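**Q** Structure provided below as structure tokens; questions to follow.
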Amino acid sequence: MTTIVSVRRGNQVVVGGDGQVSLGNTVMKGTARKVNTIPKHQVITGFAGSTADAITLRDLFEQQLDKHQGNIVNAVINLAREWRSDKVLRRLEALMLVANEEKTYLLSGSGDVIEPEDGVIAIGSGGNYALASARALVDNTDMSARDIVEKSLNIAASICVFTNNNLTIEQLESVA
């Protein structure tokens, strides 16, 4: 259980997540890092779900990025296809957000590849709280993408018992 949110605003894309790891109703760890960068391809990833499954998916995504010379569109489509059709992979229990300077996608094991219309997307147990907060802040403030992600995660943490305030936030800025 976790909360991951991504906001695209101006020339910035920001992905942030909380650090809580829960096992049932027990908090097992409060300092997990669920948002990471793939510096070689200037991509940020974020995961909700099983840790081992998330790490597996991140590695497979990075392999797809390498195979497609950093083309995020081809990488997400091919990963989603592989994830859904492989007997072992389709049992993985995780959702993944990926973003580069141009695109943001949500990927799921059922073959979903979703690009948000408004540049705002969230996953995890607190995802709907963070999504609602981020959309309201994008529409009604001049806050930076980073500030919106931080505020949205803190709002989600104040509502969702599976989300904490130990945040990891990564940002990319486009050169265009």
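What follows draws every value from the coordinates through simple rules; no lab data is involved. Here the structure is a predicted model, which is why all the values come from computation and not from measurement. Heads up, the Cβs are rebuilt from the backbone with ideal geometry, glycines too, and the neighbour counts pull from every protein chain shown.
**Q** Is it the case that the range 3-25 has a residue that's in a strand (DSSP E or B), among the hydrophobic types (A, V, I, L, M, F, W, C) and without any contact (Cβ under 8 Å) to a residue 12 or more places away in the chain?
**A** Scanning the range 3-25 turns up at least one residue that is in a strand (DSSP E or B), among the hydrophobic types (A, V, I, L, M, F, W, C) and without any contact (Cβ under 8 Å) to a residue 12 or more places away in the chain.
**Q** Criterion first (in contact (Cβ under 8 Å) with a residue 40 or more places away in the chain and either touching a helix residue (DSSP H, G or I) at 6+ places or on another chain (Cβ under 8 Å) or of a type outside the set (S, T, Y) (or both)) does N100 satisfy it?
**A** Answer is yes for this residue.
**Q** Also, I was wondering about something else. Does I38 fit the bill of being without any contact (Cβ under 8 Å) to a residue 40 or more places away in the chain and closer than 17 Å to L107 by Cβ?
**A** Considered against the rule, which asks whether it is without any contact (Cβ under 8 Å) to a residue 40 or more places away in the chain and closer than 17 Å to L107 by Cβ, I38 comes out as yes.
**Q** Report yes if T31 is assigned to a strand (DSSP E or B) and either without any contact (Cβ under 8 Å) to a residue 60 or more places away in the chain or more than 15 Å from G126 (Cα to Cα) (or both), otherwise no.
**A** So T31 fails the test.
**Q** If we only count strands (runs of 3 or more DSSP E) wholly inside the range 59-171, which ones have 2 or more residues that are among the basic types (K, R), surrounded by fewer than 16 Cβ atoms within 10 Å (Cβ to Cβ) and within 12 Å of the chain's Cα centre (by Cα)?
**A** Where strands (runs of 3 or more DSSP E) fall fully within the range 59-171, none carries at least 2 residues being among the basic types (K, R), surrounded by fewer than 16 Cβ atoms within 10 Å (Cβ to Cβ) and within 12 Å of the chain's Cα centre (by Cα).
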